[in-house]
Every structure is written in structure tokens, then in C-alpha cells.
Amino acid sequence: MFAPAEMSEVDIFVFENDIEEVAQTVARLGVLHLLDVNTLGKWAQEVGTEWVGRVSTYTTQERRVLELLNQLGIEKTPRSCEGRLDPAEDLASIEEELHQVEEQTHDLRDRQEVLSQQLERWELLGQSMGTLAPLSVSISDLREFQHLHLVAGTIPSENLARLEASLFRIPYTIIPVHHYRGRVLIFAFSAQEHAAILDRALESAFLDPLTLPEEFEGTAQEVLDQIQRNRQETETELAKLREEKQIMSENLAPQLLSLWTRIRRDRAISDAMAHFGHRGRVYLIAGWVPKNRVDEVRLAVEEVTEGRVTFEENSPYAPGERVQVPTLLRHSRLLKPVEGLVSTYGTPGYRELDPTPLVAITFILMFGVMFGDFGHGLVLALFGTVLTLRLIPQLANLADLGIILIFAGLSSSLFGLLFGSVFGMEGVIPQLWINPLDDILILLGASIVFGVILLNIGFAFRLATAARQGNYKEAIFDRNGVAGLLLYWSLLGMVVSIATGNGLPIWLVGIALLLMLTLFLAEPLTRLIEGKRPLAEGNLPELAVQYFFELFEALISYLSNTLSYVRLGAFAVAHVGLSLVVFLLADMVGQGSPVLRLLIIIGGNLFIIGFEGLIVAIQTLRLEYYELFGKFFKGEGIPFKPLTLPAMECEIPD
Amino acid sequence: MATGLDAVRYTASTARVKGLYAQLLKPDIWRDLILVEGFHPTVSLLKETAYGDVIATVEQSGQLNLETLERHLSGRAASNLRKTMAFTSGSVRHLLIVWWQHFELENLKGLFRGIDQGLAPDTIRRLLIPLEEYSTLPWETLLHERSVRSLITRLEDTHYINPLRNALPAYEREQTLFPLEIALDIRYYRDLAAAILDLNGEDRQDAKRILGIHLDILNILWAYRYRVYHGLSAEEIVNYTLWRTFRTNADLIRRIALGAPPADILIEVWGTNTFSPSDLAALDDTPQMMPRLELILLRLWRKLAQREMGGYPFRLGTLLGYVILEELEAQDLITLLEGKVMGWSVERIQEYLIRYEE
């Protein structure tokens, strides 16, 4: 329950001819966490860069496929992946296939772009003709101006001022007609003799000229009608093209999705190949496998190679072994979200105890105490259920958080019953234990007792971790080990003795002083029992100062860690206080207006649930991370990440 | 005026920049590099310096030639610029990011040229500056576009799309990338000016002094290039330059377009004491004057950047001074290597280096 899955280190030696088959088989099983190639010693020397290059090329190809899927509006759902892969040879065939698809889609995209631009031009021509329509002039007259040069077109709006500044040598008129999407439709006039200057200036201001097709004749209004017809034709063509794109999407979807899957799988194998050791014609696949799955891997590999394989299984406890063993945590669906809270702090080391079950219980309990309210708890649990069942699609990725909210909410409700509080109202439901505001001292005292119990569990975990790691000697004189625990108990005994009116027992003071001396000399004593010499390295006065401050810090931390749990009671009191403020405010502001009063009560309760709920959650995490984890948990492990083939949902092994 | 707050804001980034600044080549190494004969001996000597990693990377790629080396030297400058911005935030970081984007812009222009010429993706890839993972553009997908138009369509969701859209009709009409490149340049340098103006107080003054002068230099150089090399009309020159920079405006550009001599313009903009009389005298109205003009202005820029490295260090000026010196050093190394390949004399190489005075 508290220990990660037991691992074995396996070394699989296979011939060059079998390596890709073996890689695929192992990836399909999804139970092998590869060792870094650099840890393979002489086996790493012949590892080439060709597989790394293939990984890079497959990554590029994947980007291109994703681009095409986006362009065609195809949903990214990986296809099932049957059949063997050939990652060394697939590159070329995939490239060819991809190239062909790109040719087709690029052509379609370009045609769509041209038609869209054409449509835009008809709209602009419509705008310009609309300006001229009231004048009833003939378009042919406009074309045949003898002394006037007229240009119509669009330029970027930001270039208009600069264009005018550039026309400093000639008289001109520029009339902006219509602004759209960062551009402006203009009519520019100059004398015919300055036409060349005007044209060059307009061109350099990035003019996109609007010219009427020669066949357009008649008055501006008549031309406007012709433009409308052409515009409709273009819209029809564009609609056809969209249909064509839809058909193309449907036709290409299976091919592109299967390409995508193939690329991802080939890349996974290539990536694995880049991690395998290599000498001559023999490859070495080295990695970690959960102990209960080793035989399965062995059988599968022997089958695929027809026995041409050497399979070695080593214990991670082998003496002198320095490689970090990955951690595979096995928890039920209910504990998975809490695993996330733990991994935010750090991944448990292979030989550490996994605090997830402990956190699951203590987090929920502490949250409940600090946020004790029957109604607020039920609202949180309800919201958690909505998240867990993914009833709001936009919040679907918060489903895990939902599970935590359900249990935290139920815990709040339970403590709400104990405190007799529902939606901040006291006395509505019977109080089964105490009222936080009336019995503050009891609540604070109970919080400290809870903290003492939790810290003792922390000490116990520290000792259990030391036993698991075989570091008994280090744990004896450690501030969180045996000596630390005994000192904590003796200090606790003194406090209890004084608090109960029994004075300060001298014998207890003597034990505490002795234990303090032990902690003061922790390092030399540890070296003594470990047989290391000299007992202290360095300047003795400096060491003495250092030891003194370490002892001082340990004493302070025992005190602060314990008192930290006072916040459990303090927040419970604050919760009731905050609710009182809401009702007080509702009575003051909502006097004479029951609706306003109700609105303030509802708003205030929502504020408490959201804002105070968040603060309480942060405080609970703080108690977990700083007070509890500090005792025994380092979180310096590496997570178990097996080699898998994408789109093949490889389950985490039991 | 410098405040204690600046010291807090710029402590980490200044420390980093000072470390990077120390990696710039010392005058004695430059002397050796200039004196050594041949391309490969120069590269070997360069390998012993902070540029060793670049040379090793190029050697590992199996393409130790001038073109590859040039791209990697620019890539190193881009990478060091990213390191410079590591401890910055807000509008200062934004300015540095915008400045870094000129490398991306160069790559984008290279990509357009490659696609316009119908080059294969692999060939184009070799022409691009290695920008590691910092660039947000999907280069690998862009490389596989088949035409300039489709490349522009593909850039739809980027901030490059508006200038490209505006210049596309001119490209299709004239079948030259000139309008596209100009549109990209103008938009980019407008963005840079906006990023400078977005800063406050001392930061803005520092940026104006070091990057603002770059905008002034470019605007003047562009105007002369259009007039001398391309023979463009005054109207086109005004439209193809920046509307106004910190020391130039439409009126100055108009006068350049109408034939004002470069020496007069430089004196008008930077006063009589900035340039030596011999430098100004060499600026006649021929196309041969252009490299000379460019060199004079780049040397001025370098001098100003070098000045920023002295005095009170905890300010934006130190960061910008370094990045400019780093880029100009890369540019000088490229000139040096080109000179070695072409078999230029020591004197001729020196003549073309921006760090000429040392």
C-alpha cells in the first residue's frame, strides 16, 4: 500500500536482425522503462546517430500531418494500429504519401484563396461603383478622361499618410472611400502629365488596383448590377469548392489518420532504438520492468526471436548499483487524484514510502475541520460530482479534481454536523459536538493533539523508510529518527506534565538534556557506529557552532511543526466568523428588502465556498508539504515511464 | 538618473552579460586572426576561442565551408541574445524579443528566396540561421510549401501576414521579391520603434541611443541604396523607407531622394565632429560610395555600443551594448572569413572590418 511496485532490471541481448521486432514487441507490452543509453558503458560506444535523425524526421512529418488535419478540419483521433512497422524504411514511403496529399490540399487551398480574393474584389468594386452611382456617369466616359488620370484601388491604411507625404512634387487628390480590415479603398487623381509619378507612388504604397473588366459598360448603376451578378457567381464557386474540400476531407481522413498513427508509432520505435546499446551485430535493451511482468516480457521476446536472445534479470538491490530505479505507484482510481497532489511535491523514490494513502486521509480530514459546514460541504461535493462526471465539457480535464472535491466536501459536511453549522447558520441543525466559536480552546487543543499524532506518524514513516533503505544507522541519531522521536516525546511529556499541574519532573528533564546532547553530537556518533574515522572533519569550534544551530533549529521545528496545526481550529473558527459577517451584512444592507437580504446571503455563501475554500485547500496542502512531508519524504524519485506505442492504450501493469 | 531599483532589476542580467562580454574576442586574437593566412588556419585559430563550440558543431555536420559557418556565427549571436534576455521582464524583455526577431526575419526572407527559386526543402534548410527552439514559426512545414503565394497563406496566423498580404499583388505583378522584403522590413522596424517607445525613463533613453540609431542608419542607407543602386523615384524612396525615425523624417528622406550628398546628410544628422573629414570626403555620389557609407555608419554604431559597456552597469544600455557588439563581431568574422576565402590582403581585410580602429 505504501510501497512502490517492485522492479527488476532486465538486460535483453538480441541480434541486429531481430532488434526492430523485439523493440516493437516490448513497446506493445508497455512495461519496460528504458535505461539511459549513457549508463550502458561500453555498449553506448557504438550507438549511432541515425535513429536520432529518424526521430527528428518523424517529428517533422507529424507536424506536417497535423497541419493537414487542421486545414481539412479532420478530428484528431488516432487509428487502431495493426501490422508490423519498419521505422527504417517507412520514412521514405511516408514522405512520398505525405507529399502527394500536400500537393492535393495545397492546390485546393490556393484555389480557395484566389476565389476569396476575387470575392473581396467584387465587393470593393461594388463599393466604388456605389459611390459613383448617384452621378449617373458612363463608365466608358471615365475610362476616356483626356486630362485627368484616375486610379482606384486599395492600400494599407497605415500607408495613406506616407503616400501623401511622398507626392510632394505634383498636385493630386486622394479620396478615401471605404475602410476595411486594415486597408482603405481610394480614388487618386492627378493631371495626365503626372500620371507616371502618381502610378509609381501608388505602387510603392502597395496599391492593389481595382480595374473594371473591359466588358463592363453602361452607367455606374448598370455596372453595379453586373458586379452583383459576378459576385454571386464567385460565391457559388466558393461554395462548390467548400463542398470539394468537405469531400476531400472525408476521403483523406482515413489515410491521414492512419499516416499520423504510423508516424507516431515509428517515431516511438526509432526513439527506443536510439536508446539501445550496440556492439557489433548485437544490441542491448536495458531497462526496468515490474517484477511480476518480467516473465511475460521474457516469453514474448523469446517467441519473437525464436530463442535467439539472452535475457538477464537483476535485482535493483544489487550491491554497488547506482542507477536510479523508477517508481511505479499503483493506486485505485479514487487515489489517483491524490497521487497528483503528492507528485506536485515530488515523485517518491523507489526505496521511499509512498505517502499517497496517508495524504488522502489527512487532507480530507484537515480540510473538513477547517471548512466544517454541512451546506457548504454538500455544495462542494455536488460540484465535485459535476466535474467527475464531466457534465461540463469545458471543465472535463478537471475530473480528477472532482474526486478530491467530493471527499473534501463530504468531510466538510460531516464536521458541519459535528459543529451544527449549515450555510453559516447556527442552531438550524443540532450540534453533535462543539460550536467552534463557543469552544475555541477545546478546538485549538484538539487541533494540536491531531498535529502531534500526525507528526508521530511522520516520525514512524521516517523510521520505516530508513528500514526500507537499509539506513538504520543514519536513522538512529537523526533529528527525525529515533533520537529525534524520543526527544519530541520527552518535550511533549514535560509540556503535558506542566499543563496538568504536575510540575516539571527532573528525570524527564534529564532524559531530554541527554537526548539533546545526542542530537548535538549526531554526526560524530553516526560516524562512530558506521565505523568511519575521523569522527569529525573540520575545525572543531566551527563544528560546535554548526551542531549547536542544528540542534536549535531541530527544537524550533518540533515546536513550530506542532503549533502549525493550531490553524485547523483557527480556520474552523474563521469559517464560522466569516459566515456571521455575511449574515450581519445581509441584516444591515438588506433591512426592509428581503430579496436584497437573500441575495447578499447567497452571494456571501458563494464567496465563502469559492474564496475561503481555496484558502483552506492551500493551508491543508501547506500542512502536508511542510509539516508532514518534511519529516520523512524527499520526493526525488523518477516516475516509471514505459516504452509504448502511441494509440495503443497500454495499461499500467498491476 | 540611475536608481537602486535599476540595480535590483538589472543585477542578474548585467552579471550574465558581463560574462558573455568577456567572451568577445580580444584585440590580440583579432590581430592573429587577421594575420593568419588561409581559410582553414583561420578556422583552426578561431576554434581555440569562445567560438570553438560553433566550429565544432559545423565540423560535426561535415559541412565546414564559409556559408555554413556564416549561418552558425549568426546563430550564435541569436543564441547569446536569448541568454541576455534570461533575467529580464516586461517591456524590456519585449524589446529584446523584438530585436531577436530580426534573425527570424532574415530566415523568413531566405525561405521566400528559396521557394521563389524552386529550391528543395533540404537546400533551403541549409540556408537558414539555426535558431534552435526559440522561433515560433513552424519552419519544417514552411519549407515544404511550393509557391510564394501558398507560403504567405501558410503564414496566416502569424504577425507577418499583413505586410505580406499587402505586398503580394505587387509580387505577382512584378515577379520579384523586392516588394515582399521591403514590406516585411518596414513592418519589422516599425514594430521595433514601437517597442522602444513602449519603454519608460532611462530604459527608453538607452534603447533610443543604441537601437534608435540603428533605425536612423538603416533609413539613410535604404534611401541611398534605392537612389544609387535601384534608381527609384523620390516618391518610391519615401514610401519604401521608414516614415520617421529618431533622427530622420520624411523631409530628410525627400532631400536624399532628390540628390542630397551623403556627407551633408551625415553632418546634418550627427553634427560636424562625429565623422572624420577623410571619411566624409570619400562619400561621392557613385555606387562605389555605398559600402563606404555603410561601413562608416556601422563603425559609428559600434563605437556607441562600446561606450555603453563603460560607466554605471545596471541598466538596459549594458545589455543592448553587448548584443550589438556581439552581432557586429559575428559580422566582422564573416567578412574576415570571406576575405580569407577570396585571398584578400591583410590591409584589404582590415579596411572592410567594422572594428577598424583597433
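The values are calculated or read from the model by the stated rules, or taken from the named source; none is laboratory data. Every value quoted in this text rests on a predicted model; they were computed, and no experiment measured them. Using ideal geometry, Cβ is built from the backbone for each residue, glycine included, and neighbour counts are taken over all protein chains shown.
When each of A:A195, A:A161, A:A133, A:A201 is tested for being closer than 22 Å to B:A167 by Cα, surrounded by fewer than 19 Cβ atoms within 10 Å (Cβ to Cβ) and in contact with a strand residue (DSSP E or B) (Cβ under 9 Å, 6 or more places away or on another chain), the lone residue that passes is A:A195.
Inspect all residues belonging to segment A:155-175 and state whether any of them is more than 14 Å from every other protein chain (Cβ to nearest Cβ), touching a Phe, Trp or Tyr at 6+ places or on another chain (Cβ under 9 Å), among the hydrophobic types (A, V, I, L, M, F, W, C) and more than 30 Å from A:A23 (Cα to Cα).
The answer is yes; a qualifying residue exists.
Condition test on A:A554, is it under 42 Å from the mean Cα position of the chain (by Cα), surrounded by 12 or more Cβ atoms within 10 Å (Cβ to Cβ) and within 27 Å of A:I457 (Cβ to Cβ)?
Yes, satisfied.
For the residues B:E37, B:E67, B:E59, B:E133, the requirement of being outside any helix (DSSP H, G or I), acidic (D, E) and either at pLDDT 95 or above or within 25 Å of B:G343 (Cβ to Cβ) (or both) singles out B:E37.
Specify the residue that is surrounded by the most Cβ atoms within 10 Å (Cβ to Cβ); the eligible residues are those in segment B:143-155 that are more than 21 Å from A:D208 (Cα to Cα) and at the interface with another protein chain (Cβ under 7 Å from one of its Cβ atoms). Step by step, filter segment B:143-155, then rank; the result is B:H144. With respect to (1) more than 10 Å from chain A (Cβ to nearest Cβ); (2) within 30 Å of A:R111 (Cβ to Cβ); (3) crowded, with 16+ Cβ neighbours inside 10 Å, the lone exception for B:T158 is condition (3).
Considering segment A:451-541, the qualifying helices (runs of 4 or more DSSP H), each wholly inside and each with 1 or more residues that are under 41 Å from the mean Cα position of the chain (by Cα), run over A:472-476, A:482-499.
Looking across segment A:357-378, the residues that are buried (at least 21 other Cβ atoms within 10 Å of the Cβ) and in contact (Cβ under 8 Å) with a residue 60 or more places away in the chain come down to A:L358, A:V359, A:F363, A:M366, A:F367, A:V369, A:M370, A:F371, A:G372, A:D373, A:H376.
Taking the listed residues B:G212, B:G201, the one that is on the phi > 0 side of the Ramachandran plot and either surrounded by fewer than 21 Cβ atoms within 10 Å (Cβ to Cβ) or out of contact with any Gly (no Cβ under 6 Å at 6 or more places or on another chain) (or both) is B:G201, with no other qualifying. B:P121 falls short on exactly one of the conditions (1) within 11 Å of chain A (Cβ to nearest Cβ); (2) touching a residue at least 24 places away in the same chain (Cβ under 8 Å); (3) of a type outside the set (D, E), and that condition is (2).
Return yes or no: is A:A195 closer than 30 Å to A:R169 by Cα, at pLDDT 85 or above and in contact with a helix residue (DSSP H, G or I) (Cβ under 7 Å, 6 or more places away or on another chain)? Reasoning before the result, please.
Numbers: closer than 30 Å to A:R169 by Cα: yes; at pLDDT 85 or above: yes; in contact with a helix residue (DSSP H, G or I) (Cβ under 7 Å, 6 or more places away or on another chain): no.
Taking the combined requirement at face value, the residue does not satisfy it.
B:E140 meets all of the listed conditions (1) part of a helix (DSSP H, G or I); (2) within 13 Å of chain A (Cβ to nearest Cβ); (3) modelled with pLDDT of 85 or more but one, namely (3). Restricting A:T219, A:T173 to those that are modelled with pLDDT under 90, of a type in the set (S, T, Y), over 27 Å from A:S116 (Cβ atoms) and not assigned by TED's automatic domain parsing to the domain that holds A:E62 reduces the list to A:T219. For segment B:165-177, what are the residues that are surrounded by 18 or more Cβ atoms within 10 Å (Cβ to Cβ), modelled with pLDDT under 95 and more than 7 Å from chain A (Cβ to nearest Cβ)? The answer is B:R165, B:L168, B:Y171.
Can you name every residue in segment B:101-155 that is among the aromatic types (F, W, Y) and over 21 Å from B:R173 (Cα atoms)? Talk me through it step by step, then tell me what you get.
Of the residues in segment B:101-155, the ones among the aromatic types (F, W, Y) are B:103, B:112, B:134, B:139.
Across segment B:101-155, the qualifying residues are B:F103, B:Y134, B:W139.
Assigned by TED's automatic domain parsing to the domain that holds A:L382 and either closer than 30 Å to A:R264 by Cα or at pLDDT 90 or above (or both): does that describe A:G610? Yes: the conditions hold for A:G610.
Please determine whether any residue of segment B:44-56 is among the charged types (D, E, K, R), outside any helix (DSSP H, G or I) and surrounded by fewer than 17 Cβ atoms within 10 Å (Cβ to Cβ). Before you say what the answer is, go through the steps one by one.
Taking segment B:44-56 and keeping what is among the charged types (D, E, K, R), we get B:47-48, B:53.
Checking the rest, the ones that are also outside any helix (DSSP H, G or I) come to B:48.
Checking which are surrounded by fewer than 17 Cβ atoms within 10 Å (Cβ to Cβ) leaves us with B:48.
Within segment B:44-56 (the criterion being among the charged types (D, E, K, R), outside any helix (DSSP H, G or I) and surrounded by fewer than 17 Cβ atoms within 10 Å (Cβ to Cβ)), the answer is yes, since at least one residue qualifies.
Within segment B:285-313, the residues that satisfy the criterion of being in contact (Cβ under 8 Å) with a residue 12 or more places away in the chain and either touching a Cys at 6+ places or on another chain (Cβ under 6 Å) or not in a helix (DSSP H, G or I) (or both) are B:D285, B:T286, B:P287, B:M309, B:Y312, B:P313. Reported count of residues in segment A:410-424, each being at positive phi and either under 35 Å from the mean Cα position of the chain (by Cα) or not assigned by TED's automatic domain parsing to the domain that holds A:A574 (or both), is 1.
Enumerate the helices (runs of 4 or more DSSP H) found wholly within segment A:346-438, keeping only those where 2 or more residues are more than 27 Å from A:S564 (Cα to Cα) and in contact with an Asp or Glu (Cβ under 7 Å, 6 or more places away or on another chain). Full working, then the answer.
Numbers: elements: A:356-370, A:374-388, A:399-419.
Fully inside segment A:346-438 and qualifying: nothing.
Scan segment A:154-204 residue by residue and report those that are farther than 23 Å from A:M129 by Cα and aliphatic (A, V, I, L, M).
Taking segment A:154-204 and keeping what is farther than 23 Å from A:M129 by Cα, we get A:158-159, A:161-171, A:193-194, A:196-197, A:200-201, A:204.
The answer is A:A161, A:L163, A:A165, A:L167, A:I170, A:A196, A:I197, A:A201.
Looking across segment A:193-213, just one residue is more than 10 Å from every other protein chain (Cβ to nearest Cβ) and of a type in the set (D, E), and that is A:E193.
Can you pull out the residues in segment A:409-424 that are closer than 17 Å to A:L389 by Cβ and crowded, with 23+ Cβ neighbours inside 10 Å? It would help to see each step written out before you state the result.
Taking segment A:409-424 as the starting set, the residues that turn out to be closer than 17 Å to A:L389 by Cβ are A:409-410.
Passing the criteria: only A:G409.
To keep it simple, each residue is scored yes or no on (1) over 35 Å from the mean Cα position of the chain (by Cα); (2) assigned to a helix (DSSP H, G or I); (3) at pLDDT 85 or above.
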{"residue": "A:E96", "(1), (2), (3)": "yes, yes, yes"}
{"residue": "A:H99", "(1), (2), (3)": "no, yes, yes"}
{"residue": "A:L108", "(1), (2), (3)": "yes, yes, yes"}
{"residue": "A:Q112", "(1), (2), (3)": "yes, yes, yes"}
{"residue": "A:Q118", "(1), (2), (3)": "yes, yes, yes"}
{"residue": "A:E123", "(1), (2), (3)": "yes, yes, yes"}
{"residue": "A:A133", "(1), (2), (3)": "yes, yes, no"}
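Filter the helices (runs of 4 or more DSSP H) completely within segment B:201-274 down to those with at least 2 residues that are more than 14 Å from every other protein chain (Cβ to nearest Cβ) and not polar (S, T, N, Q).
Values: elements: B:201-207, B:213-228, B:234-239, B:250-257, B:262-270.
Answer list for segment B:201-274: B:201-207, B:213-228, B:262-270.
Considering segment A:90-114, and only residues there that are within 9 Å of chain B (Cβ to nearest Cβ) and hydrophobic (A, V, I, L, M, F, W, C), the residue that is farthest from A:E250 (Cα to Cα) turns out to be A:V114. Picking from residues in segment A:582-625 that are loosely packed, with under 12 Cβ neighbours inside 10 Å and β-branched (V, I, T), the one that is farthest from A:L568 (Cα to Cα) is A:V595. Anything in segment B:135-175 that is over 20 Å from A:E67 (Cα atoms) and of a type outside the set (D, E, K, R)? List them, or say none. If the condition is that a residue be over 20 Å from A:E67 (Cα atoms) and of a type outside the set (D, E, K, R), then B:N162, B:P163, B:L164, B:N166, B:A167, B:L168, B:P169, B:A170, B:Y171, B:Q175 are the ones that fit.
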